Amino acid sequence: MARNERAFDGVGGVRIVYDVWMPSTPPRAVAVLAHGFGEYARRYDHVAQRLGEDGILTYALDHRGHGRSGGSRVVVRGMEQYVADFAALIEIASYDHPGLKRVLLGHSMGGAIVACYGQQRSRPPGDDLMVLSAPAVAVQTLIAPFMAVMIKALGGLVPGLPVLQVDDGAMSRDPDTVVSHFADPLVYQGRIPAGVCRALLRVGETMPQWAPALTAPLLIVHGSDDQLVTVNGSRRLVEFVGCTDVELRVYAGLYHAVLCEPERYQVLDDVVSWIKARI
């Protein structure tokens, strides 16, 4: 499968790098992928390869401040910047491949980005498909209330201030995934800064208001033993979404990075089967 690196100017002129994975056969759909916090697009090469086996081409960006993209390292003032960059990539993919069904795929923070994009889109229900992997839509349940108040205040004043340490070892039960994560120089290893925390807190706290606007067919995949982003957030999201074609699949014993667990291809096969039934 061919992979090409490209770039565009995002919000504020920040250079956003993205990759395109093109299957060897004529594409049946185009997936646009948003990675999680601290990562970058090529950490999902195996995902793009699996999608490509069934004729789904993939566009995936490095979020601003992540990987090869420009901008201050993992610093953002609001979810709006991430969403605007993601929306720009969707438009590029649609321009390059008009008429193809779009699959919007996001993991963790990327899942929150996809959800935020989805609730403000104007396309008819069913025009897009949405697949969320362990979406970070309930961060407020994992942070003490007094800490959340402080983070939201700091996020507006000093968005780059590191405030929240997470156990990256809890992302996967696959030792090779964990080792490669820590060894990869393009992966951010520090604390999550206040600006990102503030953005995710707002997403979780306002879910009952924005989730009913999600009308596209939706699949959520989540590990039952996720210690970084609670599966209860996905359960709650399913209760509030406005779409009728919605499914939550919880995988027993899996950690946060369900697409990078030892059972990754079981999960990916399920995702591909769900997509193929709708394109």
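General remarks:
- Looking at Arg102, Arg121, just one residue is farther than 27 Å from Ala170 by Cβ, assigned to a loop (DSSP other than H, G, I, E, B) and in contact with a helix residue (DSSP H, G or I) (Cβ under 9 Å, 6 or more places away or on another chain), and that residue is Arg121.
- Helices (runs of 4 or more DSSP H) enclosed by the stretch 190-279 - at least 1 residues per element that are surrounded by fewer than 20 Cβ atoms within 10 Å (Cβ to Cβ) and of a type in the set (Gly, Ala, Ser): 264-276
- Only one of the numbered conditions (1) part of a loop (DSSP other than H, G, I, E, B); (2) closer than 23 Å to Pro217 by Cα is not met by Leu89, and that is (1).
- Residues of the stretch 19-32 that turn out to be assigned to a strand (DSSP E or B) and in contact with a helix residue (DSSP H, G or I) (Cβ under 6 Å, 6 or more places away or on another chain), as a count: 5
- Within the stretch 133-150, the presence of at least one residue that is at pLDDT 90 or above, out of contact with any Cys (no Cβ under 9 Å at 6 or more places or on another chain) and in a helix (DSSP H, G or I) is confirmed.
- Within the stretch 166-183, considering residues that are touching a residue at least 12 places away in the same chain (Cβ under 8 Å) and surrounded by fewer than 16 Cβ atoms within 10 Å (Cβ to Cβ), the one farthest from Gly223 (Cα to Cα): Phe182
- Pair list, Cβ < 9 Å and 6+ apart or interchain, from the stretch 243-261 residues that are touching a residue at least 40 places away in the same chain (Cβ under 8 Å) to residues that are β-branched (Val, Ile, Thr) and surrounded by fewer than 16 Cβ atoms within 10 Å (Cβ to Cβ): none
- Residue count for the stretch 205-230 satisfying the condition of being among the small types (Gly, Ala, Ser) and either free of Cβ contacts under 8 Å to residues at least 60 places away in the same chain or under 18 Å from Val103 (Cβ atoms) (or both): 2.
- Scanning the stretch 152-173 for residues that are outside any helix (DSSP H, G or I), within 15 Å of Glu39 (Cβ to Cβ) and in contact with a helix residue (DSSP H, G or I) (Cβ under 9 Å, 6 or more places away or on another chain) yields Met171, Ser172.
- Lone unmet requirement of (1) touching a residue at least 40 places away in the same chain (Cβ under 8 Å); (2) surrounded by 13 or more Cβ atoms within 10 Å (Cβ to Cβ) for Val163: (1)
- Pair list, Cβ under 6 Å, 6 or more apart: the stretch 26-42 residue under 14 Å from Arg6 (Cβ atoms), other residue surrounded by fewer than 24 Cβ atoms within 10 Å (Cβ to Cβ) and of a type in the set (Asp, Glu): Ala41/Asp19
- Evaluating Leu51 against the criteria (1) part of a helix (DSSP H, G or I); (2) free of Cβ contacts under 8 Å to residues at least 60 places away in the same chain; (3) over 26 Å from Gly160 (Cβ atoms); (4) within 17 Å of the chain's Cα centre (by Cα) leaves one unmet condition, (2).
Listed here are the residues, each with its yes/no results for (1) modelled with pLDDT of 95 or more; (2) closer than 26 Å to Ser273 by Cβ; (3) of a type in the set (Val, Ile, Thr).
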| site | (1), (2), (3) |
| --- | --- |
| Ala199 | yes, no, no |
| Ile220 | yes, yes, yes |
| Gly223 | yes, yes, no |
| Asp226 | yes, yes, no |
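The values are calculated or read from the model by the stated rules, or taken from the named source; none is laboratory data. No experiment lies behind these values; they were computed from the predicted model shown. Here the Cβ is made from the backbone with ideal geometry for all residues, glycine too, and neighbour counts use every protein chain on show.
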